[in-house]
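I have placed the structure first, in the form of structure tokens, so that the comments after it can refer back to it.
Since every read-out is calculated from the coordinates, none of them should be taken as a lab result. Worth saying up front: this structure is predicted, and the values here are computed from it rather than measured. So basically every Cβ, Gly included, is an ideal-geometry build from the backbone, and we count neighbours across all protein chains shown.
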Amino acid sequence: RLDHVQLAMPAGREDDATAFYEGLLGITRIAKPAHLAVRGGCWFESGDLKVHLGVDADFRPATKAHPAFIVDDVRALAGAIAAAGHEVADGEPLDGYDRVDVRDPFGNRIELMQPLG
């Protein structure tokens, strides 16, 4: 089974990560273990979903590789993300899902999927 997904972020932008992942996506920020917290970055968890953002000194956003999150109301969430100033685009059609691609504050691609039916 998958334990967590890690994405990269630039140094010093933990507040931006929290505003997006906790504030918009609703994934609660949790404390990192002290020996890892000194590296920067932040962790988020909601049920079985765990997203870790780690500082990368040579940061470049992941524009192709991405996690996909199942959500309850993809259109409402996409609207809130767009209203907050983040990029939102319809995803490629996939039978059984309504989907969008969004960009986090650092340009990382995140796919949001809502099962239809």
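Tabulated results
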| read-out | value |
| --- | --- |
| Under DSSP loop assignment and at most 10 Cβ neighbours within 10 Å, longest trypsin sites (Lys or Arg not before Pro)-free interval of the chain | 65-117 |
| Built amide H within the under 5 Å cut-off of Lys50, gap 5+ | Val5 |
| CD proxy at 222 nm, helix term only [per DSSP H run n ≥ 4: -39500 (n - 2.57); per residue of the chain; nearest 500] | -4000 deg cm²/dmol |
| Matching label, semi-axes √(5λ) of the Cα gyration tensor in Å computed from the structure shown, candidates (i) 24, 15, 13; (ii) 31, 18, 14; (iii) 33, 16, 11 | (i) |
| Amide H contacts of Val71 (H built 1.01 Å from N, under 5 Å, at least 5 apart or other chain) | Met113, Gln114 |
| For Ile27, residues with placed amide H under 5 Å, excluding near neighbours | Glu22 |
| Tilt relative to the chain, helix 74-83 - C-alpha long axis, 0 to 90 degrees, to 10 | 60 |
| Phi to ³J(HN,Hα) by Karplus 6.51 cos²θ - 1.76 cosθ + 1.60 over segment 39-54, Hz, x for Gly, Pro | 7, x, x, 7, 10, 9, 9, 8, x, 7, 7, 10, 10, 10, 10, x |
| Top positive-direction residue, dipole computed over the chain with Cβ charges, set Thr63, Leu24, Leu112 | Thr63 |
